[in-house]
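Quick notes on the structure that follows.
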Amino acid sequence: MSRKKGNPGRGQQTPPVRTSDSFANFQARLGWGADNLSSASQYTLTYQSRNRIWLEAAYRGSWIVAKAVDAIPEDMTRAGIEISGLDPADTATIDQEFHRLALWDALCDNGKWARLYGGSVAVMLIEGQDFSTPLRVETLGKGQFKGLLVLDRWMIAPEVVKEFGPDLGKPVFYDVLPAAGILPGTRIHYSRVLRMDGADLPFNQRIAENGWGLSVLEPMWDRLVAFDSATVGVGQLVYKAHLRVVSVEKLREIVAMGGPAMAGLQKQIEFIRAAQTNEGMTVLDASDKFDTHQYSFSGISDVLLQFAQQLSGATGIPMVRLYGQAPAGLNATGEGDMKQYHENIKQQQERRLRNILYRLLSVMSMSSLGHPLPDGFLFEFRSLQDMSETEKADIAVKKTQAVVEAVDAGLSSRANGMMDLKASAPVTGLFGNITDEEIREAEDEPPPEPDLAMPEVPASPTRDSLFRRLLGRSHVHD
């Protein structure tokens, strides 16, 4: 209801009037609820997320479904993380453990099955501890963490958390079902799992899904079916692109008689097929007629492109990544689409991976390093944009210049400077050959006297001259 005021000076008011925000013309049957075909349309709940067989059949049978599920988790875990706040040697140890235990692969699989089924967990395998007890990170000994075990939503049965915290309303225990085949009957406390959900759902729908999220395939199911139907249909048209028609006199009578007459007709057709090649000829009775019909494929490519674009929008994956095709159009490079996509990946990493990785790194620190993470520990997700050799060289020069100036000014030791340069190797591609022995030799040297006046540095120093000043040697390790 809406109440309009009249002229304030007169104090008049108009009577209440019912208003509507939608346009409708009942005489022309335009608008919603105007007894037209559009008004009969509605959205229904299809619940594909609950049908595991349908989801798995789509994933195994359609390459575009597999791409829609796999692409984002693969990109979220492809570049890894950049750690700060740890000694370079400890950082290198953590990086090695990620690869040795195949943790990035497990996190990628966890994301894939979360997107496909609506939820998945990665269980932290800690030797010598009871899965059903809460995880106390401070009790971990060196080497106890053995990796991650990924279990999708159909392999476990959850119970709900009632304690305040980020896991409120989520399962407090996960019971591994006998059909899982891995750790059957095991009860796992929620603090020992790294959980990922599919697409977010409102409260009531989440309850209906037993606390899990939505399969990313469900909202785009009709677009997937339309795309695959269109491509398969076009493939079928190829078989009918060139139709040959033979008009046989008194065909109906021949078919009705059967016997020798029908056998003779079939023999004639086989003779025509055998003789009719690119260089052959069609031999017919004088009273028969032969025609060819060709199908025109004009306009089909536009239809397929529209289906492809809709599917790209539904998945949030640009066409250059989803279909692996070069961008079309004058001066089109696809850089803008990929930049927007990488920003979306960054958002997904911050929302769905950061807390998971912090819990995982806390366990890895105790197991691999023997001590908890320090207060100043931080990590950032590495950029998915590959740098050119020129950009890497420019970063290398700037990093080396900053380290050399700090060492020359007495703000850092030569050993710390060498460790900082070695830690930058994943980004710059340089200084990775600095050995621990060289760093230990530098640690034994007496610290330089601090020089409050910053030394003069050439405007554009070369990498070799900067590195020689740092190492005090005449050779460079690339």
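The values are calculated or read from the model by the stated rules, or taken from the named source; none is laboratory data. Being a predicted model, the structure only gives us computed values, none of them experimental. Cβ placement follows ideal geometry from the backbone for every residue including glycine, while neighbour counts extend to all protein chains displayed. With ligands, DNA and RNA removed, areas are computed over all heavy atoms of the protein, side chains included. Shrake-Rupley method; radii C 1.70, N 1.55, O 1.52, S 1.80 Å.
Here are the numbers:
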| read-out | value |
| --- | --- |
| Amide H within-cut-off set for E82, under 5 Å, with H built and near neighbours excluded | E380, F381, R382 |
| Extended-chain gain in nm, criterion 0.36 nm per residue less alpha-carbon gap, S298 and R351 | 14.6 nm |
| S38 - accessible surface, heavy atoms, 1.4 Å probe, Å² rounded to 10 | 70 |
| Radius of gyration and maximum dimension Dmax of the stretch 29-128, Cα, Å | 22.0, 74 |
| Gyration tensor (alpha-carbon) shape descriptor, the stretch 154-234, a/c threshold 1.5 | oblate |
| Cα convex hull of the stretch 80-193 - mean projected area over all directions, nm² | 8.3 |
| Charge sum, other residues only, whose C-beta stays under 13 Å from W54's C-beta, Lys/Arg counted +1 and Asp/Glu -1 | +1 |
| Sequence ranges 225-237, 346-358, ranked by mean other-Cβ count within 10 angstrom, highest first | 346-358, 225-237 |
| Length added when fully stretched, R60-Y323, from 0.36 nm per residue minus Cα-Cα | 93.0 nm |
| The stretch 166-304: radius of gyration and largest Cα-Cα distance (Dmax), Å | 31.3, 87 |
| Integer Hz, Karplus 6.51/-1.76/1.60 couplings in order for the stretch 132-137, x for Gly and Pro | 7, 8, x, 7, 10, 4 |
| Centroid-to-centroid separation of the stretch 130-177 and the stretch 75-103 [C-alpha atoms, Å] | 23 |
| In the stretch 143-185, the chymotrypsin sites (Phe, Trp or Tyr not before Pro) that fall in loop regions by DSSP, at most 16 other Cβ within 10 Å | F164 |
| ³J(HN,Hα), Karplus 6.51/-1.76/1.60, whole Hz, each residue of the stretch 194-207, x for Gly, Pro | 10, 9, 10, 9, x, 5, 5, 10, x, 3, 5, 5, 5, 4 |
| Cross-link table K67/K240; K240/K267; K112/K346; K67/K146; K267/K289, entries beyond 20 Å C-alpha to C-alpha | K67/K240; K240/K267; K67/K146 |
| Size descriptor, Kirkwood hydrodynamic radius, that averages inverse alpha-carbon separations across the stretch 51-100, Å | 13.7 |
| Pairwise label distance in nanometres, Q42 with Q268, each label 7 Å out on the Cα-Cβ vector | 5.9 |
| Shape of the stretch 299-439, Cα gyration tensor, a/c cut at 1.5 | oblate |
| Neighbourhood charge, 13 Å Cβ-Cβ cut-off, centred on I269 and excluding it, Lys, Arg +1 and Asp, Glu -1 | 0 |
| R0 of 60 Å, Cβ-Cβ distance R100-A275: FRET efficiency to nearest 0.05 | 0.30 |
| Probe 1.4 Å, all protein chains present, accessible-area order of W212, W54, W113, largest first | W54, W113, W212 |
| Estimated FRET transfer efficiency when R0 is 30 angstrom, pair A34-Q310 (beta carbons, to 0.05) | 0.65 |
| Neighbour net charge for T44 - beta-carbon separation under 15 angstrom, K R +1, D E -1 | -1 |
| Stretchable slack from A425 to A208, in nm (0.36 nm times residue separation minus alpha-carbon distance) | 73.2 nm |
| In Hz, Karplus ³J(HN,Hα) per residue of the stretch 33-39 (6.51, -1.76, 1.60; θ = phi - 60°; x = Gly, Pro) | x, 9, 6, 10, 5, 5, 5 |
| Most to least packed among 61-72, 82-93 [average Cβ atoms within 10 Å] | 61-72, 82-93 |
